[in-house]
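Asker: Structure incoming, see below.
The values are calculated or read from the model by the stated rules, or taken from the named source; none is laboratory data. Treat the numbers as computed from the prediction; the structure is a model and nothing was measured. Neighbour counts run over all protein chains shown; Cβ positions are idealised from the backbone, glycine included. Areas reflect the complete protein model, heavy atoms only, side chains present, ligands, DNA and RNA absent. Shrake-Rupley method; radii C 1.70, N 1.55, O 1.52, S 1.80 Å.
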Amino acid sequence: MMGIDRAGAPFVGGALVLAALAAWLGSGWWAIPFVLLAAFLGFFFRDPDRVIGSDALAVLSPADGRVMVAGPGQPSVAPEGDWQQISIFLSPMDVHVNRIPASGRVMKVLFSPGRFLPAYRHEAGGTNERSEIWIDHGGQTVVARQIVGMLARRVVCRARVGDEVRAGDRFGIMKFGSRMDIFLPLTATIKVSVGQMVRGGETVIAVLH
């Protein structure tokens, strides 16, 4: 099944209203650019169903995209302490709906204002505007960080402190190209490599222990 995230409704609806106005004021030809815009926005905000695995220790990719980092936490990017890090870059063509990486309880939801550097740059993870959720999975902490880029100027995070979440649940969306960083305990085993393409809610990116 393929739906559209509710964050996209104003964009798609606005483009269709402009198409209707153009057709009414001019001709059907004038409406074509706005119809094409609505089609692109519907494609961008698409929200496909995914087949979620049942392994309780699996950490699922929270986003579609390409793996940029898979290894030790990067200084000035990772939270304070010792972490492993997986970073995923989302192009404007990827699905931008975000999913919970690991089951557990949401302990923190943090928002940090910042810059709008290209999301693929190393320093973007620590300086760009971002939102992150901290999940307690049986005493192990998993952090998922939504990061804006040059085009993605807003992240939508719908998770709340105290929520009981399951791996693969939808929790937000990033608009128009962005990046997702996942921080894992040192005992986790990373299962992806740099350059690999991943699918949100389906690809196992790590295993907890």
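Asker: Here are ARG50, ARG99: which of them is surrounded by 20 or more Cβ atoms within 10 Å (Cβ to Cβ) and of a type in the set (Lys, Arg)?
Answerer: The match here is ARG99.
Asker: Let me ask another. For ALA70, are the conditions met, namely being in contact (Cβ under 8 Å) with a residue 24 or more places away in the chain and closer than 11 Å to PHE183 by Cα?
Answerer: Considered against the rule, which asks whether it is in contact (Cβ under 8 Å) with a residue 24 or more places away in the chain and closer than 11 Å to PHE183 by Cα, ALA70 comes out as yes.
Asker: Name the single residue that is farthest from the chain's Cα centre (by Cα) among those in the stretch 155-166 being closer than 11 Å to ARG99 by Cα and of a type in the set (A, V, I, L, M, F, W, C).
Answerer: VAL165
Conditions (1) of a type in the set (A, V, I, L, M); (2) closer than 22 Å to ALA7 by Cβ; (3) at pLDDT below 90; (4) open to solvent by 10 Å² or more (accessible area, probe 1.4 Å), marked per residue:
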| position | (1), (2), (3), (4) |
| --- | --- |
| PRO113 | no, yes, yes, yes |
| ALA119 | yes, yes, yes, no |
| ILE133 | yes, yes, no, no |
| GLY139 | no, no, no, yes |
| GLY149 | no, yes, yes, no |
| ARG154 | no, yes, yes, yes |
| CYS157 | no, yes, no, yes |
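Yes or no, residue by residue, for (1) over 17 Å from the mean Cα position of the chain (by Cα); (2) within 27 Å of PRO48 (Cβ to Cβ):
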site	(1), (2)
SER112	no, no
GLU129	no, yes
GLY138	yes, no
VAL143	no, yes
GLY168	no, yes
ILE182	no, yes
ILE190	yes, yes
GLY201	no, yes
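Asker: Across the stretch 21-33, which residue is modelled with the highest pLDDT among those that are part of a helix (DSSP H, G or I) and either touching a Gly at 6+ places or on another chain (Cβ under 9 Å) or exposed (fewer than 13 other Cβ atoms within 10 Å of the Cβ) (or both)?
Answerer: ALA22
Asker: If we keep just the residues of the stretch 34-47 that are open to solvent by less than 60 Å² (accessible area, probe 1.4 Å) and of a type in the set (A, V, I, L, M), which is nearest to PRO92 (Cα to Cα)?
Answerer: It comes out as LEU41.
Asker: Name the one entry in MET107, MET68, MET2 that is touching a Pro at 6+ places or on another chain (Cβ under 7 Å) and either open to solvent by 70 Å² or more (accessible area, probe 1.4 Å) or over 18 Å from ILE133 (Cα atoms) (or both).
Answerer: None of the others qualify; the one that does is MET2.
Asker: Among (1) in contact with an Asp or Glu (Cβ under 8 Å, 6 or more places away or on another chain); (2) at pLDDT below 95; (3) under 21 Å from MET174 (Cα atoms); (4) of a type in the set (S, T, N, Q), where does SER76 come up short?
Answerer: SER76 satisfies all of (1) in contact with an Asp or Glu (Cβ under 8 Å, 6 or more places away or on another chain); (2) at pLDDT below 95; (3) under 21 Å from MET174 (Cα atoms); (4) of a type in the set (S, T, N, Q) except (3).
Asker: Failed condition for ALA119, given (1) among the aliphatic types (A, V, I, L, M); (2) within 30 Å of ALA56 (Cβ to Cβ); (3) in contact (Cβ under 8 Å) with a residue 60 or more places away in the chain, with all others met?
Answerer: Answer for ALA119: the failing condition is (2).
Asker: To continue, here is another question. Being modelled with pLDDT under 95, surrounded by 20 or more Cβ atoms within 10 Å (Cβ to Cβ) and over 17 Å from MET150 (Cα atoms) is the filter here, so list the residues in the stretch 79-96 that pass it.
Answerer: Correct list: VAL95 only.
Asker: Follow-up. What number of residues within the stretch 119-176 are assigned to a loop (DSSP other than H, G, I, E, B) and either on the phi > 0 side of the Ramachandran plot or aliphatic (A, V, I, L, M) (or both)?
Answerer: Final tally of qualifying residues: 13.
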